[in-house]
Amino acid sequence: MNISLTFHAHQPNRLIPYDFFKIGEHAFYEDDELNGRVLSQVAERCYLPANRLMKQLIELSDGKFKFALALSGVILEQAHYHRPDLIASFKELADTGCVEFLAMPYYASLASLYSPEEFAQQIQEHVDLIEEYFGQRPTVLWNTGMLYSNAIAAQAQDLGFAGIMADGNSRMMSNRNTNDLQCAPLLDKCKTIIRNRHLSNDLANRRVDPSWSEYPLSPYTYADWLTQQQGQVVNISMDYETLGERQPDSTGVFEFWRTMIMAALFDGNTFMTPGEVVKAFPSKGTIDCPNPVTCSTFGTTTQWNANVMQQEAIKKIYDLEEPVKASGDPDMIHVWRKLQSADHFHYIEKSNGFTPYPSPYDAYIYYMNALADLQVRVKREADLKKKDANRNLA
């Protein structure tokens with residue numbers, strides 16, 4: 001069987017407790033110390049040991065093991081400032097020639113839903129960064145949260161991508177085989193690579209669940225499941241933090257993956273990157289997905305935009321697009337874009353267990369106050385430009 005394995009990694013820029021009295025006086029919203037500390041902790045537990053494992057598997061297999069990484073621009077920015085050794089570690093993987101880097105919105109934003117123009121600009125910024133760091137021009141798109149719809153697939157094709165990844169959500173799969181490539185309606189150049197939701201979640205979630213009927217899962221059993229799959233290619237995708245962070249080293253996660261990958265290769269399976277997949281296989285048919293789907297638990301966008309606070313925050317950030325861009329200030333535009341990261345809206349969800357804030361309401365208040373300050377700064381910039389223009393006319 002052909003196997004395509006993709007990991008996604010992103011770390012948000014968490015905000016300081018930004019209260020009302022800072023508006024107009026304090027233009028630094030991010031908790032840089034906390035962001036650096038979290039990145040370093042996850043790098044030590046997950047990213048660096050996972051990178052070492054992947055490089056070892058590539059070497060042990062003489063390059064037969066291949067996989068893909070979707071790294072947000074935000075995590076690469078944080079690594080540049082706080083952990084340059086992490087950048088070096090990813091570059092070592094790139095140098096093997098067995099790791100493909102995928103495109104994604106630089107800021108892990110929801111721009112594909114709210115601003116096609118901004119989405120295209122963030123994709124371009126990310127593609128340029130990947131080329132600068134790793135010497136690759138991505139040909140496959142991994143959207144935030146694997147966000148996918150007919151419209152988003154069309155955007156991907158317009159941006160020149162040969163493929164886009166989507167979750168094998170039951171809402172759109174009907175009777176189709178998850179392991180076959182598809183195309184969105186009326187598209188012929190951008191193929192949809194569908195994540196095998198069940199097998200991916202077996203590794204990302206169920207492997208460490210004592211209530212699961214297959215617990216404890218043998219790596220040889222899982223490798224056999226991969227071997228027995230039918231279709232063009234089985235696509236396994238999850239957060240890179242699964243390895244060592246969400247599943248600590250004490251669970252045997254690294255040894256499990258080492259054994260499982262080698263067993264899959266021993267069984268005659270072939271590992272392919274997403275770019276190789278879209279080149280090697282034709283689309284098997286058309287998949288119609290008019291409404292956005294994601295790889296979240298419920299397969300929808302509700303973790304970001306279900307409640308009134310989330311909806312108001314999203315409206316306000318995208319309402320600022322025109323005046324922020326009109327300012328022409330690169331730093332201000334960069335700050336505005338960092339505030340688009342989907343994590344900010346996820347923190348306003350009541351059931352989010354990863355929040356750094358005391359409550360969803362606190363997350364909402366800090367975020368909206370930061371946006372209010374940004375709005376003040378944008379207005380000041382516009383007023384200065386207007387005064388300068390009037391002075392020149394005089």
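Data for the structure
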{"read-out": "Partner lysines for K316 [C-alpha distance under 18 Å; skip if fewer than 8 residues away on the same chain]", "value": "K325, K338, K379"}
{"read-out": "For the chain, calculated [θ]222 nm from helices alone, where every DSSP H run of n ≥ 4 adds -39500 (n - 2.57)", "value": "-14500 deg cm²/dmol"}
{"read-out": "Residues whose placed amide H lies under 5 Å from that of S109, excluding near-sequence neighbours", "value": "A342"}
{"read-out": "Summed side-chain charge close to E276 - residues other than E276 whose Cβ falls under 9 Å, Lys, Arg +1, Asp, Glu -1", "value": "+1"}
{"read-out": "Charge sum, other residues only, whose C-beta stays under 11 Å from D343's C-beta, Lys/Arg counted +1 and Asp/Glu -1", "value": "+1"}
{"read-out": "Residues L371, L147 arranged by fewest to most Cβ contacts within 10 Å", "value": "L371, L147"}
{"read-out": "Fewest-first ranking of I333, I365, I193, I152, using other Cβ atoms within 10 Å as the exposure measure", "value": "I333, I365, I152, I193"}
{"read-out": "Those aspartates and glutamates that a straight Cα-Cα span of less than 12 Å connects to K22, excepting residues fewer than 8 apart in one chain", "value": "D373"}
{"read-out": "Mean Cα-pair separation over length for the stretch 2-280, i.e. relative contact order, pairs under 8 Å, 6 or more apart, %", "value": "26"}
{"read-out": "Virtual paramagnetic centre 7 Å along Cα→Cβ of F354, amide N under 13 Å, in the stretch 129-158", "value": "144-146"}
{"read-out": "Per-residue HN-Hα couplings for the stretch 284-294 [Karplus 6.51, -1.76, 1.60; θ = phi - 60°; Hz; x = Gly/Pro]", "value": "8, x, 9, 10, 9, 9, x, 10, x, 10, 9"}
{"read-out": "Centroid-to-centroid separation of the stretch 166-234 and the stretch 23-62 [C-alpha atoms, Å]", "value": "27"}
{"read-out": "Set of lysines near K279 by C-alpha distance (under 25 Å), chain-local residues within fewer than 8 positions excluded", "value": "K55, K64, K66, K91, K189, K191"}
{"read-out": "Interchain or long-range residues, amide H under 5 Å from T270's placed H", "value": "N2, I3"}
{"read-out": "A326/D188 FRET efficiency (R0 22 Å; Cβ-Cβ; nearest 0.05)", "value": "0.05"}
{"read-out": "Sites E117 and D383, calculated FRET efficiency, Cβ-Cβ separation with R0 30 Å, nearest 0.05", "value": "0.75"}
{"read-out": "Difference of contour (0.36 nm per residue) and Cα-Cα distance, W212 to E92", "value": "39.5 nm"}
{"read-out": "Neighbour count of at most 15 Cβ within 10 Å plus DSSP loop: longest GluC sites (Glu not before Pro)-free window in the chain", "value": "26-213"}
{"read-out": "Contour excess over end-to-end distance, with Cα ends at A306 and I333 and 0.36 nm allotted per residue", "value": "7.0 nm"}
{"read-out": "Order of Y29, Y114 under a 10 Å beta carbon neighbour criterion, fewest first", "value": "Y114, Y29"}
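Each value in this text was obtained by applying a stated rule to the coordinates, not by laboratory testing. Model, not experiment: these values are computed from the prediction. No Cβ is skipped: glycine too gets one built from the backbone with ideal geometry, and neighbour counts run over all protein chains shown.
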